[in-house]
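The values are calculated or read from the model by the stated rules, or taken from the named source; none is laboratory data. Everything numeric in this text was worked out from a predicted model, so none of it was measured. Quick reminder, even Gly has a Cβ in these numbers, built from the backbone with ideal geometry, and neighbours come from all protein chains shown. Keep in mind that these areas ignore ligands, DNA and RNA; they rest on the heavy atoms of the full protein, side chains included. Shrake-Rupley method; radii C 1.70, N 1.55, O 1.52, S 1.80 Å.
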Amino acid sequence: MCEKYRLPFNLPLRILEQPYFNSEQKDMFKKRIDSAKSRGILLIDDLISLPYCLNPLEEYADMKRQLIAMITKVKRGITQLTTHPSMTTDELQAITPHYREREMEYRLFNDPEIKQLLQREGIKLVSWSNIRDLQRSIS
């Protein structure tokens, strides 16, 4: 599908470095990566996210410390930071038990300190449309 529609592939190259995948999974990822490369399909370099679903955080300050640590460790390349920022609404509370964390993510990405950190670290925010346009310019 990526080749047909000239789209990048949302599979991070650094997935092969992750310790929580077994060798069979890593072999499958490597085949997909090699196939994408041979077809000229762009891949992202890394994928990160705040682990609140696995390890619930109670306080905004805790989540902010974790995000700051993640941002300062981002390696060169295209890193997707997966987030689900939202304001708390009755509907959100009805569909997820993680509505507080999503509200905190919303606040984090509006926090002036986080915005300054991104700038200091030289991190440029891009969207998938930017990566798609890059894919289409080379294919």
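Quick look at the numbers
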item: Under 25 Å between alpha carbons - lysine pairs in the chain that sit 8 or more apart or on different chains; result: 20
item: For the chain: accessible area per residue (Å², 1.4 Å); result: 69 Å²
item: Inter-label distance, nm, simple model (7 Å from Cα along the C-beta direction), residue 61/residue 21; result: 3.8 nm
item: Local electrostatic count at residue 20 - Lys and Arg +1, Asp and Glu -1, tallied over other residues with Cβ under 14 Å; result: 0
item: Residue-averaged [θ]222 nm for the chain, counting only DSSP H segments that reach four residues, each worth -39500 (n - 2.57); result: -15000 deg cm²/dmol
item: Accessible-area value, residue 138, 1.4 Å probe, nucleic acids and ligands omitted, Å²; result: 100 Å²
item: At 0.890 mPa s and 25 °C, Stokes D of region 32-139 from Kirkwood alpha-carbon radius, µm² per second; result: 155 µm²/s
item: Viscosity 1.306 mPa s, 10 °C: Kirkwood-radius Stokes-Einstein D of region 13-67 over Cα pairs, µm²/s; result: 117 µm²/s
item: Accessible heavy-atom area order of 101, 58, 91, 121, highest first, probe of 1.4 Å; result: 91, 58, 121, 101
